[in-house]
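Participant: Below you'll find the structure I mean.
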Amino acid sequence: MSRTVIAAVVAVVIAALTAIAFFITSTSLDSKIRNDAEGQLRRAYQVVGSINQLESIDVANKAERLAGDRGFAAALTSQSSNDRDNQARIAFSKFTSNEKEGDLKPDIIALVDAQGNIVAMSDVPSVVPKQWKKEGENKQGDTIIPALNVVLGSRTIISDIWNDGNRMMKIGVAPIIDPNGVANGADPDGVNILGAVVIAYAQTANQAQHDKLLLGTEIAYYDGTRVVASSFSKGASNEEDTGKAAALTDFAKSGKVSPTSGQVRVVIDGVPYVAASVTMPRSISNTRHLAKDYPPVMAQAMVLSAIVDPQNTGGTIKLFIILLGVGALGISLVGLYLSHRRLIAQVDQIELGVTDIINGNVDRTFRPVGLELDGLANALNVMLARLLGRPEPGDEEFDEDGNPIIPGRVDFEETEEGGQPQTDPDLARLAQESEPDYYKRVFTEYVAARKAVGSPDDVSFENFIAKLKVNEGKLKAQFQCRAVRFRVVTKDNKVTLKPVPIFAS
């Protein structure tokens, strides 16, 4: 298998494992984040219902306590406008200064007479008596506040939701009973209702943000036509994000979320949420006084839990997996490259030695090349030693430089690549000589010539013939001839074998 293929296989395997780990982790984390968001929404849904129910009861209780102040009855029965204003102002001050009423101050505290006319309002020096009256009407129960109409006609305390123009109000209405107990015959409970007190709290963005801290989720209040307040803010400020509120209005109008729809998904400004809606509560002390046409509660509290990882734990884990995969791939490729380079260097040395032997250097020995191929190098040395009759590895002798001494060395005359030797005068005789006679004659002449120059050698006949045959094969391919014979040549006190190519058949 090629090195490129091996590298590609390793890269594909690591990339596949990284992708699988990333997918499994992403799926698991996404599922956990989604389940956490849904669980948080369920808890917030239960809490917001309880909170609003308690707030509704609290508003009704405050209206009842306020209506019990005798100063209001005195104001409604007084014939003097100045005395009426003073009595109402004193009663308002007593209520607002009471620590039991909490830090959240009412947006409206009003005293209303039996006809629905406003007599006095807290912190309003000059009131418009017919502000809450229906246009053209001046009868009892003809105001624009349904709860007030019921309370003026019966001994009932109501906490309800009322839309005051652009505001959604949590309103509490309680009757003011004549302390003298004189019934006017109009009330079914046999009491004289002088008027009523109205206390109201506007549902604002600040209140929604306060509720968000209690719930741990976003919350929005929908009056049936639009979102009047939400906990969404712009950045780190407390200013309401009206753009998101408008998107929630469109979502609420679509009907996808309602008190009966359960949990639904919605995307606000690119962030996914799971949302649920609960009807705002209404508290009535005596429901038998409600008319059948009394308007139903349209206001809703919408809770939204973001399907996000607030601390980006999932993103960190995913990034870690990607970096781990890239690192593993890089380390694997570097390791593969280093191993390849080490192994290829050893293979190149073995290949170089084999090529050298093919080219006629049968005296070549293979040195240790590395742990991986040392065994092969030694095996090649043993093979050459047995073929050429020289000492096997471990039995050879070495010169002063540490190189092995090769006995029976045979020198051949160098022939230039592509060159042709000169025509030999004994060419015909060499061509006709039989191979056995030729080998014996050349060996005898070579040994005699070495002795004559004073450098005798103990080369064996088998070793000599093996070297001849190796060189014959190389030179036949070089000269493109039928055969190659050698002649013993002595020149400058050096004995060599000169090749003679034979082309004729």
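The values are calculated or read from the model by the stated rules, or taken from the named source; none is laboratory data. Model, not experiment: these values are computed from the prediction. Virtual Cβ from ideal backbone geometry, glycine too; neighbours counted across all protein chains shown. Accessible surface is based on the protein model in full, side chains and every heavy atom, while ligands, DNA and RNA are left aside. Shrake-Rupley method; radii C 1.70, N 1.55, O 1.52, S 1.80 Å.
Participant: How many residues does segment 20-32 contain that are open to solvent by 60 Å² or more (accessible area, probe 1.4 Å) and either outside any helix (DSSP H, G or I) or within 25 Å of P272 (Cα to Cα) (or both)?
Facilitator: Qualifying residue count for the region: 7.
Condition check ((1) closer than 23 Å to Q131 by Cα; (2) part of a helix (DSSP H, G or I); (3) of a type in the set (K, R)) across all residues:
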| position | (1), (2), (3) |
| --- | --- |
| N61 | no, yes, no |
| Q79 | yes, no, no |
| I90 | yes, yes, no |
| A110 | yes, no, no |
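Participant: Among strands (runs of 3 or more DSSP E) lying entirely in segment 247-317, which contain 3 or more residues that are open to solvent by less than 70 Å² (accessible area, probe 1.4 Å), without any contact (Cβ under 8 Å) to a residue 40 or more places away in the chain and in contact with a strand residue (DSSP E or B) (Cβ under 8 Å, 6 or more places away or on another chain)?
Facilitator: It comes to 264-268, 271-279.
Participant: Which one of these is under 30 Å from V198 (Cβ atoms) and touching a strand residue (DSSP E or B) at 6+ places or on another chain (Cβ under 7 Å): D69, D107, D58?
Facilitator: D107
Participant: Given the criteria small (G, A, S) and touching a Pro at 6+ places or on another chain (Cβ under 6 Å), does S277 qualify?
Facilitator: Yes; evaluated as a whole, the condition is true for this residue.
Participant: Any idea which residue in segment 214-239 is least open to solvent (accessible area, probe 1.4 Å), counting only those that are among the charged types (D, E, K, R) and farther than 23 Å from I171 by Cα?
Facilitator: My answer is E218.
Participant: Right, D492: touching a Gly at 6+ places or on another chain (Cβ under 8 Å) and open to solvent by 30 Å² or more (accessible area, probe 1.4 Å) or not?
Facilitator: no
Participant: Output the qualifying pairs, or none if there are none: Cβ atoms under 8 angstrom, residues six or more apart or on different chains, first residue in segment 220-244 and assigned to a loop (DSSP other than H, G, I, E, B), second residue of a type in the set (S, T, Y) and crowded, with 21+ Cβ neighbours inside 10 Å.
Facilitator: Listed pairs, sorted by first residue: D241/S230.
Participant: Which residue pairs have Cβ atoms under 9 Å apart, sit 6 or more places apart or on different chains, and have a first residue in segment 170-193 that is among the small types (G, A, S) and surrounded by fewer than 13 Cβ atoms within 10 Å (Cβ to Cβ) and a second that is modelled with pLDDT under 60 and part of a loop (DSSP other than H, G, I, E, B)?
Facilitator: Final answer for the pair search is G190/A183.
Participant: So in segment 1-18, with the set limited to residues that are free of Cβ contacts under 8 Å to residues at least 12 places away in the same chain and part of a helix (DSSP H, G or I), which one is nearest to Q207 (Cα to Cα)?
Facilitator: Once the filter is applied, the top-ranked residue is A16.
Yes/no per residue for (1) outside any helix (DSSP H, G or I); (2) over 18 Å from I357 (Cβ atoms); (3) open to solvent by less than 40 Å² (accessible area, probe 1.4 Å); (4) at pLDDT 85 or above:
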position	(1), (2), (3), (4)
R409	yes, no, no, no
E414	yes, no, no, no
A449	no, yes, yes, yes
V484	yes, no, yes, yes
R487	yes, yes, no, yes
V500	yes, yes, yes, yes
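Participant: Can you find, within segment 184-219, the residue that is modelled with the highest pLDDT among those that are small (G, A, S) and part of a loop (DSSP other than H, G, I, E, B)?
Facilitator: The qualifying residue modelled with the highest pLDDT is G216.
Participant: What residue, among those in segment 333-386 that are of a type in the set (G, A, S) and under 23 Å from I6 (Cα atoms), is surrounded by the most Cβ atoms within 10 Å (Cβ to Cβ)?
Facilitator: The residue in question is G370.
Participant: Quick one: count up the residues across segment 319-351 that are in contact (Cβ under 8 Å) with a residue 24 or more places away in the chain, closer than 24 Å to I24 by Cα and not hydrophobic (A, V, I, L, M, F, W, C).
Facilitator: So the count comes out to 2.
Participant: Is there any pair linking a residue in segment 34-47 that is surrounded by 14 or more Cβ atoms within 10 Å (Cβ to Cβ) to one that is in a helix (DSSP H, G or I), with Cβ under 6 Å and at least six apart or on different chains, and which?
Facilitator: From segment 34-47, the pairs are A44/L215; V47/L215.
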